[in-house]
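The structure appears right after this line, and notes come after that.
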Amino acid sequence: MNNKGFTKVEILIVVAVIGVLGVVAGMAVKSARVQTRDAVRLSDVRQVQVGLELYFNDFSSYPQTTEIIPLGQASTVCLGSAGFAPSCAGASQTVYLDTIGGTPRTGLKGLASCGNIGDAYCYFGNANQFRIQFEIERKNSLLGLERGMNCMTESGLKAGACQQIPVPTPGVSLD
């Protein structure tokens, strides 16, 4: 008897191999998505840093806040000569950063929050210093960043939560 076809064992082996390949491919796609979201977060934070440095070059001061503010929200989409604002449209001011993006929230643990706004880029600053606290999903050894909370300062990126800096009180000079 000459049967032409596959045996049940051969079919099971092929199905198992396809299943393993599918799982490996799924894991690779998930890893790539995490890496992409973290790259977007780091790019956003670096763009804000560049805008803040341009602002500092013109005013010899960073935008001062009396409280921690979430960047990329409706009230802080633009960085102009008047500081953070809802929009740069129609303003007769120098624009340092036209659009501040909000953080990609997928995959975050809610560690970086500004008041009641979770998963945000949190800015606070005085005349000489600023901090942007943000969260990433995966450790980045190349940049020295840890999974979770990290900080952008006027000196660059730092692993871990931001250290507090003196925040100006209205009418009181920090100098």
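Every number in this text was worked out from the coordinates using simple rules, so none of it is lab data. Computed from a prediction, not measured in an experiment: that's the story for all the values here. Cβ sites come from the backbone with ideal geometry, for glycine too, and all protein chains shown count toward neighbours.
Details
- Strands (runs of 3 or more DSSP E) contained in the range 4-117 and holding at least 3 residues over 25 Å from A161 (Cα atoms) and of a type in the set (A, V, I, L, M, F, W, C): none
- In the set (1) of a type outside the set (D, E, K, R); (2) closer than 30 Å to G125 by Cα; (3) over 22 Å from the mean Cα position of the chain (by Cα), the condition left unmet by L42 is number (3).
- Condition met for T66 (surrounded by fewer than 18 Cβ atoms within 10 Å (Cβ to Cβ), of a type in the set (V, I, T) and out of contact with any helix residue (DSSP H, G or I) (no Cβ under 7 Å at 6 or more places or on another chain)): yes
- Filter pass, L145 being among the aliphatic types (A, V, I, L, M) and under 14 Å from the mean Cα position of the chain (by Cα): yes
- One residue stands out among those in the range 116-141 that are over 19 Å from Q47 (Cβ atoms) and within 17 Å of the chain's Cα centre (by Cα): the one that is surrounded by the fewest Cβ atoms within 10 Å (Cβ to Cβ), which is S141.
- Where V40 falls short, out of the listed (1) closer than 24 Å to L143 by Cα; (2) of a type outside the set (S, T, Y); (3) without any contact (Cβ under 8 Å) to a residue 60 or more places away in the chain; (4) loosely packed, with under 15 Cβ neighbours inside 10 Å: (3)
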